[in-house]
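Computed from the coordinates by the stated procedures, all read-outs in this text should not be read as laboratory data. This is a predicted model, so every value here is computed, not measured.
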């Protein structure tokens, strides 16, 4: 089952790691929110994108785009979803910067850079580049694999990991596949609570 894509609140692509608040940076982009938003939408349209959804935690205009001149939300993440010329779902998301406008700018510049590959005539390379931005199906729920409620403490995640690893490690009668799932779930959960 996939998460429905909403423009507000932010719908972050499943399987994409989030950047912790303390690791977000101030950007050097000198651009207004309005210019960054409109540039991103225009670049997606020029790339042949349809059904565009710009998902943020910024309230929406009547046309579904984020409003300019709003206070900065706690989570500055931006996820742009669209359908390409071949009707393939695409997504590019960014939460590297501390402000929504800077993340909008980063996604817009990324789409523009990918378009320049197409203009250079390297369409096979463009398809390969965009294949990494396909809207992927949701991965297995890492909290469910660990048997913990979403948002458990770091110590609870670590303790549960050690319990599961003790029972499921290949040296203890478990399998490599089980241990790989547990390791992946642990890494994802730790990133969320970091």
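Measure nothing but the geometry: give the 0 to 90° angle between the long axis through the Cα atoms of 100-119 and the longest principal axis through the Cα atoms of the chain, rounded to 10°.
Value to nearest ten degrees: 70.
Find the eigenvalues of the gyration tensor of the Cα atoms of the stretch 142-193, then list the square roots of 5 times those eigenvalues as equivalent ellipsoid semi-axes, largest first, in whole angstrom.
Details: eigenvalues 75, 21, 12 Å².
Working through the eigenvalues yields semi-axes of 19, 10, 8 Å.
Expressed as an acute angle from 0 to 90° and rounded to the nearest 10, what is the orientation of the C-alpha long axis of helix 33-46 relative to the principal long axis of the chain?
That helix lies at roughly 90 degrees to the long axis.
Which value, to two decimals, describes the C-alpha radius of gyration of the stretch 1-44 once divided by 2.2 N^0.38 Å? Don't skip to the end; give the middle numbers.
Numbers: Rg = 13.8 Å, N = 44, 2.2 N^0.38 = 9.3 Å.
Dividing the Cα radius of gyration by 2.2 N^0.38 Å gives 1.49.
May I ask for the angle, rounded to the nearest 10°, between helix 154-168 and the longest principal axis of the chain, with both axes built from Cα atoms and the value confined to 0 to 90°?
Between helix and principal axis, roughly 60 degrees.
Per residue, how big is the convex hull of the stretch 35-105 when only Cα atoms are used? Give it in Å³.
Measuring per residue, one finds 76 Å³ for the Cα hull of the stretch 35-105.
Using only the Cα atoms of the chain, construct the convex hull and provide its projected area averaged over every direction, in square nanometres to one decimal. Before the final figure, lay out each step's value.
Values: hull surface 52.5 nm².
Taking the Cα atoms of the chain, their convex hull projects to 13.1 nm² on average.
Which whole-number percent gives the relative contact order of the stretch 29-159, counting Cα pairs below 8 Å spaced six or more residues apart?
Working: 172 pairs, mean separation 31.0, N = 131.
With pairs under 8 Å counted, the relative contact order is 24 percent.
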